[in-house]
1. Out of all the residues in region 381-439, which are more than 24 Å from the chain's Cα centre (by Cα), surrounded by fewer than 18 Cβ atoms within 10 Å (Cβ to Cβ) and of a type in the set (Ser, Thr, Tyr)?
2. So which residues in region 681-693 are buried (at least 16 other Cβ atoms within 10 Å of the Cβ) and modelled with pLDDT under 90?
3. What are the residues in region 751-794 that are over 39 Å from the mean Cα position of the chain (by Cα), charged (D, E, K, R) and either within 16 Å of Glu849 (Cβ to Cβ) or open to solvent by less than 10 Å² (accessible area, probe 1.4 Å) (or both), if any?
4. Scan region 59-79 residue by residue and report those that are part of a loop (DSSP other than H, G, I, E, B) and either on the phi < 0 side of the Ramachandran plot or hydrophobic (A, V, I, L, M, F, W, C) (or both).
5. Tell me the residue from Arg94, Arg65 that is buried (at least 24 other Cβ atoms within 10 Å of the Cβ) and basic (Lys, Arg), please.
6. Within region 704-738, take every residue that is of a type in the set (D, E, K, R) and out of contact with any His (no Cβ under 6 Å at 6 or more places or on another chain) and give me the one that is farthest from Gly806 (Cα to Cα).
7. Taking the residues in region 837-873 that are closer than 17 Å to Arg766 by Cβ and of a type in the set (D, E, K, R) as candidates, determine which candidate is surrounded by the most Cβ atoms within 10 Å (Cβ to Cβ).
8. Would you confirm, using the coordinates I've provided, whether Ala363 is open to solvent by less than 10 Å² (accessible area, probe 1.4 Å) and under 21 Å from Gln84 (Cα atoms)?
Amino acid sequence: MRRASSIPGMTALFITLSLGVTHAARAQNRVVYLDDQGVIRWQHNRKEVTLFGANYVLTTASDYRAAGYLHADRKRMIDEDMAQFARMGWDGLRLTFWGDWESSDSAGNLIANDHLDLLDYLIARARERGIFMLFSPIQLYGSNWPDALDDTTAPGFGRHFGKGHMGTEATALAAQMNYLRQILAHVNPYTHVALKDEPAIIFIELVNEPWHHPEDLQGSIRYINALTDAVRSTGCQKLIFYNVSQDFRIGEAIRRSKAQGITFGWYPTGLNAGHELEGNYLRGADAYPDMLRPELARLPRIVYEFDSPDLRTGTMYPAMARVFRTVGTQFAAMFAYDMLGTASRNLGWQTHYLNLVYTPRKAMSAIIAAEAMRRLPRMQGYGPYPQNTRFGDFHISYDGDLGELVARDAFLYTSTTSARPPDPTALQRIAGHGSSSTVTYEGTGIYFLDKVRPGVWRLEVYPDAVPIRDPFEPPSPDKIVTRAISRAWPMTITLPDLGPSFSAQPITAGNSQTARAASGQFTVRPGVYILSTGPVDLSSLPATIGHVGIREYHAPPADAVALTVATSAAPQYLAGRDAEVRARVVDISAPDSVVLFLRQAPSGFSRGFRMRSAGGYDFTTSIPSIFLHAGPYEYVITAFHDGSAVTFPASIPAKPTDWNYHSQAAWRFDVVDPRTPLRLFDPGADAARLTFTRIGDAGRRGLFRVALSLTTGQPTFHLELPVDTSGWSPADYTASLVIKARVLARQETITGAKELRLRLHGLGARQTLHVTLMEDDGTSWTVAIPVDSAWSERAIPLAQLTAGRGVLLPEGFPGDWNYWVAPADGRGGATDRPRLEHVERLQLSLRREEGVAAKPGSYGVEVEFVTLDFDLR
């Protein structure tokens, strides 16, 4: 495919920006070197390299196809997304390129096609934004995953040979070497520089996640050296890295090879849960001990992929960056950044979700993590959780979902915070999601404040990001999971050099009216503003703020989603108490009114309760206790706007007072007596939300299943210890369920619980079920219950539970070192007891027993229920 030497479709704005950063692009001609201690440093000033960013995969594989599903202009998307990288202060990017599948033939000859053209374009645009790159040209995994598994048209050697043969078959090795030589010698038509000489590419990763053969030390060394020699034969002098985390036993081969450094990845919350995870995962981000193995000493370290999959929290990225610096990391790239054009659908990678506009809290945590990479010293430890929630000027808190940097020059936060910057007059940069002592804001988008000069600030505000469904379910081009809504909200800014009265002059299209703040407050819509105490000549402003144009702003695409309502009622309420029910009403404009209609199931009298605004898109109502009696309740919510009414759930007719629908279509909760046992585990309802010791075991029905009891007719949960035909089985096999919402619903009386009650039986004559209650700080309380083949109901006084080891699930990758979770510091003493109000998980575990020969299908249990029983006399 012939490619033009000029850049098509460039806007005047972007041309202006490019000219404004020419000096920055020239500055990137500086090179790095490796000192005698294994530390990567900049050649021009000898300072340590510390880079942070993300993988960006639009050029190839599923992200390339995702853009195609929406008929998007891929080069325009690159322009937008590199602007977002720069806006977040990111300076690192991993070029994840499936050239071994899509841009080569079976012999490794480079094919010039659209994928290669987009790679060239991406490199040029990233360079202009001051971004430095790790190039990973061979991916090994199929480029057709997960949405094109039947496509066999990929021409490359990756598909021809398969991952398992790359390091052992001579013809596969020859193809890899040929391809590496050709792609590095390839001249980028947008920069007129060969990739081997591109100054913004400073690292080469030979192969993504290779199939290691650590048992063949010499063969592994030969493979690494052959690929390294292919790179060096082009004249490329960039630092060469090789993966270690797929199997740390390969470390010795890397140390003896010609590779100069190691790459490793980390997914502490597992992968592909299929739904958003709940709970506190900070205990899983304490340490990464395998990177401190002696054979890896003095080897520079790169994190080629990391994420907290299936989460959108504001705490995990700063915690992970802290650990990266503790083990000496100098470059870290999240996998994988969602393009602005597709992020409303989370269309590229189901288990990952990160975008500046659509995941503002998580994006703010990535902005803070980038600062942690720059500001935290290398190889310094911070202790275990919760001791390590404060590190340097950084702080993370599970309560409030808060990550923050509170420094003299910068104040950054992921959620509303009570922290105060030490010297507001010294602040140069503020960015946040939520409110703080400097900014009060009811919108839900990110905002940035950059000081231009005394009395002049640049404000950039993004639309509200409002989730309307779980983003980690299987994606579809037709399914939007997060809406970006451009509403106007009041904003109050408190900065010493602006004072209580200042002007807010819009400088982006769509906004034209200059506002005047009174007591620091004015109304703001998404866009860019210049805040000043007096008149400002816009021509006197700098062309850029960092690597972002002073007027630059990239709005997300509009959507056409109808009004939606989601609810967050508790599963249970106590009789005799008022019931607080919250709802989120999502539309371009606010509804005129919102009403909750309630009836006692199945055919009680309907009552309406007006809901009041709780800020943003949230509404709440308190149902008086006089209307609530023990039993099940059904409710619907109707939003009224401009004379029309919309009722949710969506299957309900617009006139909820008719109640002429099937009862299961409505939302439900139960009202219970305070003495009613709290059901912690109901197999029929809960099995799909369990996580297991091994990633992917939720789909292995042979190890667990739900069936109806022949005795009671109730659903039972069948759990067995995995045992292969040779008799091997894991030391522990655990099913874990987050029960936090149920516990919170009974907070008022939870301390009155006295015992666990289970109905169960064993699959054989003798086995032991370990039952564990894990608190939100990881402290776990456990009891071992011997069972036989007869069904029985067992009552276990809570006093019999002792502090022990819980299991951190989903299991991270790699994460063998933190599978077991010990009590938090100072917890678990002889006089200590479970804090029931903090219980977050119920875990059912099977473990190998000495003297018991477990056979396939013979060691395990079937459980009908687990309850927490109360004694409130």
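1. Matches in region 381-439: Ser418, Thr425, Ser437.
2. Result: Thr693, single match.
3. If the condition is that a residue be over 39 Å from the mean Cα position of the chain (by Cα), charged (D, E, K, R) and either within 16 Å of Glu849 (Cβ to Cβ) or open to solvent by less than 10 Å² (accessible area, probe 1.4 Å) (or both), then Arg766, Asp788 are the ones that fit.
4. Thr59, Thr60, Leu70, Ala72, Asp73
5. So the residue among Arg94, Arg65 that is buried (at least 24 other Cβ atoms within 10 Å of the Cβ) and basic (Lys, Arg) is Arg94.
6. Step by step, filter region 704-738, then rank; the result is Asp724.
7. For region 837-873, the residue satisfying everything is Glu862.
8. Yes; evaluated as a whole, the condition is true for this residue.
The values are calculated or read from the model by the stated rules, or taken from the named source; none is laboratory data. What you are looking at is a predicted structure, and each value in this text was computed from that prediction instead of being measured. Cβ: placed from backbone, ideal geometry, glycine included. Neighbour counts: every protein chain shown. These accessible areas exclude ligands, DNA and RNA; they are computed on the full protein's heavy atoms, side chains included. Shrake-Rupley method; radii C 1.70, N 1.55, O 1.52, S 1.80 Å.
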